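Novice: Below is a structure I'd like to ask you about.
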Amino acid sequence: MFRFQPHFNRLFLPLALVGLHLFAAEVMAQDDAKETLVYSPPTVNLAADQTMIDACNGDTALVHLTAKATSPSNNSIRYRWTVNGGRIEGDGSAVTWNLTGAQPGQHKASLVINTGNGDEFCEAFANTIVAVRCALPKPTCPNVSIVCPEPVTTGQPVTFTSALTGGTGNVPRIYNWTVSAGRIIEGQGTNSITVDTNGLEGQTLTAGLAMSGYEEVCSASCSIQFPIPLTCRRFDEFPEISRNDEKARLDNFAIELQNDPTSIAYVIIYPGLRDRSGVAQTRSTGIVDYMVNSRRFEARRMVTLVGPAREQSKAQLWACPQGAQPPKP
């Protein structure tokens, strides 16, 4: 059996102690190195310039994506973009997401960044969602106009007709008419109405039209003025009187007629029940003769009528504007 001699123990024991000390020192150095080599992962934030976009009938639909990434180790950053709809245009931290032609719904864009150097390899993730919709354009108003009736006659029905041009959108045409006076008797809900104008002498009638179903009010109006009706005015009435008194009344009548050079003079003679035949004609002839020859009144502007017999003979003098309904005996 082999045995160590004492002098061998004295030689190898110090060497063994030195080796053990060196091994312990190396282990402690490795532990210190592991404590100082701490890696910080990169970070990334992703933003889209809009979260909802319209994409109808091939309309261009672009979303701009911007990534803010950091690498605490100051290593270079690589970007990898993926989308589940549309396509990414460009590279790096700022790209364009082209969603033209994408189906309506939610679409996601994802980003992975990584930094690496030797054995170091770190990644960070981010994503954003954009909703694609197909919003049809809002209909715009047509040009609305109303054709006013002319000429107008008081008491006679009038018709207003609309005309529409331009405008967009498949909007059913709904006509809502209003009138400031009178009464709609036909056509409400259509492009033309008829209005009763009884009692509107001297008044203004305004017809308004509003087209519903549009984003804004589509309307128009049209106004017409009804004239004050022309009427004859009884200027004087007198029985059989002296010739001079009659001339005085006719002088005043002639002055009145001069105020309207277009007026017509009506002379109505009502014979008495006991008058002889032809007396009414003789009296009217005398009145006309004085007006034409003494007062220089135009004969064409004078009309004589004979009314039914009365208890006592009467003469009536009427002044009638041109176009007025003549008096009836």
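Novice: Pick out the one residue from E256, E246 that is at pLDDT 95 or above and either outside any loop (DSSP other than H, G, I, E, B) or not assigned by TED's automatic domain parsing to the domain that holds T153 (or both).
Specialist: Answer to the check: E246.
Novice: Please tell me if R173 is surrounded by fewer than 16 Cβ atoms within 10 Å (Cβ to Cβ), among the basic types (K, R) and assigned to a strand (DSSP E or B).
Specialist: Answer is no for this residue.
Novice: Among the residues of region 90-104, is any in contact (Cβ under 8 Å) with a residue 60 or more places away in the chain and assigned to a loop (DSSP other than H, G, I, E, B)?
Specialist: No.
Novice: I'm trying to understand the selection: among the residues of region 207-265, which are buried (at least 16 other Cβ atoms within 10 Å of the Cβ), farther than 22 Å from I184 by Cα and among the β-branched types (V, I, T)?
Specialist: Residue satisfying the conditions is I264 alone.
Novice: Residue check: is Y270 over 30 Å from T154 (Cβ atoms), surrounded by 15 or more Cβ atoms within 10 Å (Cβ to Cβ) and either in contact with a Gly (Cβ under 7 Å, 6 or more places away or on another chain) or of a type in the set (S, T, Y) (or both)?
Specialist: So Y270 fits the description; yes.
Novice: Residues that are under 12 Å from T304 (Cα atoms) and among the charged types (D, E, K, R): does region 265-284 have at least one?
Specialist: Looking through region 265-284, at least one residue is under 12 Å from T304 (Cα atoms) and among the charged types (D, E, K, R).
Novice: Moving on to the next point. Is it the case that region 290-313 has a residue that's among the charged types (D, E, K, R), in contact with a strand residue (DSSP E or B) (Cβ under 8 Å, 6 or more places away or on another chain) and assigned to a loop (DSSP other than H, G, I, E, B)?
Specialist: Yes.
The values are calculated or read from the model by the stated rules, or taken from the named source; none is laboratory data. Worth saying up front: this structure is predicted, and the values here are computed from it rather than measured. Neighbour counts run over all protein chains shown; Cβ positions are idealised from the backbone, glycine included.
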